[in-house]
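Take a look at the structure below.
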Amino acid sequence: MTTPRPFLNVPYGAYLSRELPAPDEELTRVGPGTPCGEYLRRFWQPVAFARELGAVQLAIRIMGEDLVVFRDRSGRVGLLQRHCTHRGTSLEFGLISVRGIRCCYHGWVFDVDGRILETPGEPPSSTLRDRLCQGAYPTHELAGLVFAYMGPPDRRPAFPLYDTFDLPGFTLEPAGKFMLPCNWLQIKDNSMDPVHTSFLHAISSGYQFTEAFGALGDVYKMPKNTDEEKAARTAKMQETLKKACQVPFEIGLKSLEVARLAQRAAEIGNVAAVSDAGVAVLLAQACAQSAALNVKINVNSIKDDAYNKETWSKMEAMLKQVAALEKTVMETTYKKMG
């Protein structure tokens with residue numbers, strides 16, 4: 001346990017408290033074998049968006065472990081250790097099969113539970129497939145998220161279904177995906193701190209829920225913006241949100257162009273282009289969904305009905321294009337790969 005920085009009890013006492021404490025290893029480290037890591041592994045943890053699992057598998061790093069997550073052609077989700085148990089090749093470059101995923105190096109096929117289904121190159125008498133398994137974790141899908149249990153198999157709990165998951169008039173949907181360059185503990189410390197919202201959020205972006213949300217700031221006479229300042233801030237925020245919606249849309253359209261070119265190349269015999277088409281479709285899909293999500297989240301903030309309707313129409317059209325092209329790429333992939 002790290003010794004915390006001492007509290008000062010004298011004015012102008014900074015000299016007495018200059019040393020910054022080291023990170024608390026017991027709380028901040030979550031890799032295999034660490035105290036906090038083993039604790040967090042006793043619970044189902046979200047590891048991916050369901051919308052990310054398309055024609056190409058996804059390489060992820062969760063609690064210090066390198067993994068690959070995918071949806072096989074039967075619709076089942078698999079979460080496997082990234083490196084093949086045979087020769088250590090990354091399954092990030094594998095081929096999704098009807099059942100499981102096939103390693104690109106020697107063609108071994110692993111089911112979503114880690115069982116080995118095929119071992120090409122081995123003699124018919126080989127018992128490797130019966131004796132070995134690829135490392136795998138159980139998964140569960142709920143409301144657009146893929147959860148995994150990464151703890152001891154004999155301690156796996158039932159997936160929790162809380163009453164707040166099914167409230168009348170509400171639908172659970174995953175939000176946007178973003179990376180924050182900090183330790184997990186800092187995020188949880190912030191999300192569990194209710195007081196900062198009355199000061200920080202009320203000042204920077206207004207009362208986000210109700211007027212009572214800023215009551216604490218009012219008690220301490222926090223400065224408020226004039227009507228002109230509020231109008232200027234609102235206009236700037238709306239313009240920023242519009243740009244946020246437009247960027248992934250433009251990237252998605254470019255990705256669609258690349259996917260179409262790669263798919264055509266694959267059709268005329270360039271097998272290598274199949275992988276390029278799959279990756280480009282996946283990127284286009286992610287961009288389209290991100291753009292649509294931005295519009296959906298910000299529709300109440302961007303009070304421009306004409307803009308919102310036009311943008312949402314474009315997003316829906318692009319999502320349909322992505323879905324159609326993904327199907328074509330998948331068909332070409334299976335045709336070329338046999």
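Structure above, values below:
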{"item": "Potential extension, E173-C133 segment - 0.36 nm per residue separation minus Cα distance", "result": "10.9 nm"}
{"item": "Point-to-point label distance, L8-L161, nm (Cα→Cβ direction, 7 Å offset)", "result": "5.5"}
{"item": "Residue order, fewest to most surrounding Cβ atoms within 10 angstrom, among F43, F7", "result": "F7, F43"}
{"item": "Segment 135-197: Cα Rg divided by the 2.2 N^0.38 Å rule of thumb", "result": "1.45"}
{"item": "Chain lengthening between H140 and E228 when straightened (0.36 nm per residue, less Cα-Cα)", "result": "26.7 nm"}
{"item": "At most 15 other Cβ within 10 Å, DSSP loop - trypsin sites (Lys or Arg not before Pro), segment 8-44", "result": "R18, R42"}
{"item": "Proxy reagent accessibility, fewest Cβ within 10 Å first, across D189, D163, D113", "result": "D163, D189, D113"}
{"item": "Burial ranking of peptide ranges 98-109, 124-135 (average Cβ count within 10 Å, highest at the top)", "result": "98-109, 124-135"}
{"item": "Residues with amide H under 5 Å from that of L79, placed H, sequence gap 5 or more", "result": "Y137"}
{"item": "Cβ-based net charge around S74, under 12 Å, with every Lys or Arg adding one and every Asp or Glu removing one", "result": "+2"}
{"item": "Gained length - L117 relative to N183, 0.36 nm times residue gap less alpha-carbon distance", "result": "19.9 nm"}
{"item": "In order through segment 10-18: 3J(HN,Hα) via Karplus (6.51 cos²θ - 1.76 cosθ + 1.60), integer Hz, x for Gly, Pro", "result": "9, x, 6, x, 4, 4, 7, 9, 9"}
{"item": "Segment 79-156: C-alpha pair distances exceeding 14 Å, %", "result": "63"}
{"item": "Positive minus negative residues near R129 (Lys, Arg vs Asp, Glu; Cβ under 11 Å)", "result": "-2"}
{"item": "Between segment 117-195 and segment 15-76, the Cα center-to-center distance that results, in Å", "result": "10"}
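Computed from the coordinates by the stated procedures, all read-outs in this text should not be read as laboratory data. Note that this is a predicted model, so its numbers are computed, not measured. Cβ: placed from backbone, ideal geometry, glycine included. Neighbour counts: every protein chain shown.
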